[in-house]
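Everything below concerns the one structure shown next.
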Amino acid sequence: QVQLVESGGGLVQPGGSLRLSCAASGMIISINVMGWYRQAPGKQRELVAAITRGGESNSADSVKGRFTISRDNAKNTVYLQMNSLRPEDTAVYYCNAAGVINTARVTNNYWGQGTQVTVSS
């Protein structure tokens, strides 16, 4: 069983910063891609940023220059540093791990439970 545990969400004023963390635990051999998605009320879930095991990353145009994704492969952990936050960044942020290979050599994808980020004055 693999679990993703997110932390770091909360309430912040516009222009502020937050750092999200997501740690994957369980019988994991490797994780191909780790990423962050978000879903605002009444909207579809969208990709925020993703990063491969080799360190290649991509991000949504709306967060380029403000958000930075990184990961620690040894800890199976992905981070999202969010700067210059705007009210439109308010959403539930979900961690995703894709191409997770476990000790049984089975590959699956997993989601975290979500963490609320609210940007408001």
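The values are calculated or read from the model by the stated rules, or taken from the named source; none is laboratory data. Since the model is a prediction, treat every value here as computed from it, not as a measurement. Glycine also receives a Cβ, built like all others from the backbone with ideal geometry; neighbour counts cover every protein chain displayed. All accessible areas refer to the heavy atoms of the entire protein, side chains included, with ligands and DNA or RNA removed. Shrake-Rupley method; radii C 1.70, N 1.55, O 1.52, S 1.80 Å.
In table form, for the structure just shown:
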{"item": "Candidate set from region 66-87 (those that are in contact (Cβ under 8 Å) with a residue 12 or more places away in the chain and more than 14 Å from the chain's Cα centre (by Cα)); member that is most open to solvent (accessible area, probe 1.4 Å)", "result": "Lys75"}
{"item": "Lone unmet requirement of (1) hydroxyl-bearing (Ser, Thr, Tyr); (2) in contact with a Lys or Arg (Cβ under 7 Å, 6 or more places away or on another chain); (3) open to solvent by 20 Å² or more (accessible area, probe 1.4 Å); (4) farther than 14 Å from Val117 by Cβ for Tyr37", "result": "(4)"}
{"item": "Qualifying residues in region 89-104 (those that are touching a strand residue (DSSP E or B) at 6+ places or on another chain (Cβ under 8 Å) and not in a strand (DSSP E or B)) - the one modelled with the lowest pLDDT", "result": "Thr103"}
{"item": "Boolean, Ala74 is part of a strand (DSSP E or B) and hydrophobic (A, V, I, L, M, F, W, C)", "result": "no"}
